[in-house]
Amino acid sequence: MSMLYDQPLSFRFGSHLQNLLEDRRWSILEIGVAWVRRSGTQYLLPSLVNFLKRGGILRVSVGIDIENTSQEGLSDLLSLQAHGIAEIYIYHNEASSTFHPKVYLFSNQQDAKLIVGSNNITEAGLFV
C-alpha cells in the first residue's frame, strides 16, 4: 500500500520515524541519506538505541559531500555501535555528482516498509 506524506503542515517525518523505530515488528532498518547532523540525531538517538537494544540491526550509509554532514552527526551514529549491531558507512563521491539518497527501509522476515522522500537526518529534514 502506498502512502503520500503531506509535509510539513500536517505531518512530521521525524515523529513518524520515531514511531516506526519503537514498533517491535521491525527488526532491520537500512538508511541511505545524503546528510546527517546532530540537529537530527538528537531526536532519533533514544529510539535508535532502544531499537538496537532489543536486537534490531541498523545499517546507515551517509554522504559527506557538499559539507552538509557534520562530524557531530557522524559521531552520534558511530556511538550507536556500543548498543548493538550498527553498521555505519560513509560515502564520498569523487565524481562531480553528489551522493544524495533519502531512503529508509524497515524490514523483518515477512514484511518491509520503504520510505523514499527528501528527508535527511537533520532537524530540517525530520521536523521542518
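What residue, of Leu21, Leu45, is modelled with pLDDT of 95 or more, among the hydrophobic types (A, V, I, L, M, F, W, C) and surrounded by 17 or more Cβ atoms within 10 Å (Cβ to Cβ)? First the steps, then the outcome.
On the way: Leu45 fails: surrounded by 17 or more Cβ atoms within 10 Å (Cβ to Cβ).
Just one listed residue meets the conditions, Leu21.
Quick check on the stretch 71-90: of everything there that is closer than 20 Å to Ile28 by Cα and acidic (Asp, Glu), which residue is surrounded by the fewest Cβ atoms within 10 Å (Cβ to Cβ)?
Here the answer is Glu87.
From the list Asn120, Asn93, Asn68, Asn108, exactly one residue is modelled with pLDDT under 95, open to solvent by less than 50 Å² (accessible area, probe 1.4 Å) and not hydrophobic (A, V, I, L, M, F, W, C). Which is it? Before the answer, list the steps.
Details: Asn120 fails: modelled with pLDDT under 95; Asn68 fails: open to solvent by less than 50 Å² (accessible area, probe 1.4 Å); Asn108 fails: modelled with pLDDT under 95.
Going through Asn120, Asn93, Asn68, Asn108 in turn, the sole match is Asn93.
For the stretch 116-126, give me each residue that is free of Cβ contacts under 8 Å to residues at least 60 places away in the same chain and either closer than 18 Å to Ser27 by Cα or not aliphatic (A, V, I, L, M) (or both). So that I can check it myself, show each step before the final result.
Initial filter on the stretch 116-126 (free of Cβ contacts under 8 Å to residues at least 60 places away in the same chain): 116, 118.
Ser118 - this is the single residue of the stretch 116-126 that is free of Cβ contacts under 8 Å to residues at least 60 places away in the same chain and either closer than 18 Å to Ser27 by Cα or not aliphatic (A, V, I, L, M) (or both).
With the condition kept exactly as written, say whether any residue in the stretch 94-112 is touching a residue at least 12 places away in the same chain (Cβ under 8 Å) and at positive phi. Let's see the steps before the verdict.
Keep residues of the stretch 94-112 that are touching a residue at least 12 places away in the same chain (Cβ under 8 Å), which gives 98-109, 111.
Remaining after also requiring at positive phi: none.
Scanning the stretch 94-112 turns up no residue that is touching a residue at least 12 places away in the same chain (Cβ under 8 Å) and at positive phi.
The values are calculated or read from the model by the stated rules, or taken from the named source; none is laboratory data. No experiment lies behind these values; they were computed from the predicted model shown. All Cβ positions, even for glycine, are placed from backbone atoms using ideal geometry, and neighbour counts span all protein chains on display. All accessible areas refer to the heavy atoms of the entire protein, side chains included, with ligands and DNA or RNA removed. Shrake-Rupley method; radii C 1.70, N 1.55, O 1.52, S 1.80 Å.
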